[in-house]
Amino acid sequence: MSKEHHYKSTIQWTGNKGAGTSNYRNYDRSHTISVENKAIIEGSSDPAFRGDKTKHNPEDLLLSSLSSCHMLWYLHFCSEAGIIVTDYTDSATGIMEETANGSGHFKEVTLNPTITVTEDSMVEKAKELHKKANEFCFIANSVNFPVKHMCTVSVKSL
């Protein structure tokens, strides 16, 4: 039995400097991302594409979506398995390849989670559960490039 979930996001371009898109250099790539009842995210394009380096770009958001989706599933499976995680940080990286015609695509993403558990006996299972989290992650299941995992697990008693 499958269930559908519906999402809605509003993107508003805020980069019109007065002349619209009359010239490639005459407008900002700035925009806002709004989802009802949530904080507004200020976005732009990557600085390589004339964007504002102080704002999130679509590539940042894709990478962050993969990382956070994986983390949420991972924590769920750890909880079910009796693995007590007390800290989780991921420094995710992605490689995007620009093609000759100016388009591009992600080649891969590597998640680099650093996890702390409370007992030595939990370390191996904590490492194994990344595979299951990847299999369940909605975002990872929706992309056409590999999502790799290079985890580090340490122990710190409560």
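The values are calculated or read from the model by the stated rules, or taken from the named source; none is laboratory data. Please read these numbers as outputs of a predicted model, since none were measured by experiment. Note that we place each Cβ from the backbone using ideal geometry, even for glycine, and neighbour counts take in every protein chain shown.
Some observations on this one:
- If you go through the range 28-69 and keep only what is of a type in the set (A, V, I, L, M, F, W, C) and either outside any helix (DSSP H, G or I) or in contact (Cβ under 8 Å) with a residue 40 or more places away in the chain (or both), you end up with 33, 35, 39, 40, 41, 62, 63, 66, 69.
- Given (1) farther than 30 Å from residue 14 by Cβ; (2) hydroxyl-bearing (Ser, Thr, Tyr); (3) surrounded by 14 or more Cβ atoms within 10 Å (Cβ to Cβ), number of the condition residue 67 does not satisfy: (1)
- Of all residues in the range 77-86 being part of a helix (DSSP H, G or I) and in contact (Cβ under 8 Å) with a residue 12 or more places away in the chain, the one that is nearest to residue 135 (Cα to Cα): 77
- Any hit, the range 96-104, residues being at pLDDT 95 or above and among the β-branched types (Val, Ile, Thr): no
- Complete set of residues in the range 12-67 that are small (Gly, Ala, Ser) and touching a strand residue (DSSP E or B) at 6+ places or on another chain (Cβ under 6 Å): 15, 34, 43, 67
- The condition (being within 18 Å of residue 138 (Cα to Cα) and in a helix (DSSP H, G or I)) is satisfied by just one residue among 74, 7: 74.
- Any hit, the range 106-126, residues being modelled with pLDDT of 95 or more and within 30 Å of residue 27 (Cα to Cα): yes
- Residue selected from the range 106-122 under the condition closer than 25 Å to residue 146 by Cα and among the hydrophobic types (A, V, I, L, M, F, W, C), by the criterion surrounded by the fewest Cβ atoms within 10 Å (Cβ to Cβ): 106
- Residue check: residue 149 meets all listed conditions (1) modelled with pLDDT of 95 or more; (2) surrounded by 15 or more Cβ atoms within 10 Å (Cβ to Cβ) but one, namely (1).
Conditions (1) of a type in the set (A, V, I, L, M); (2) within 26 Å of residue 8 (Cα to Cα); (3) in contact with a Gly (Cβ under 9 Å, 6 or more places away or on another chain), marked per residue:
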site: 42; (1), (2), (3): no, yes, no
site: 77; (1), (2), (3): no, no, no
site: 87; (1), (2), (3): no, no, no
site: 90; (1), (2), (3): no, no, no
site: 97; (1), (2), (3): no, no, yes
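- Residue tally, condition within 11 Å of residue 11 (Cβ to Cβ) and surrounded by fewer than 15 Cβ atoms within 10 Å (Cβ to Cβ), over the range 24-33: 1
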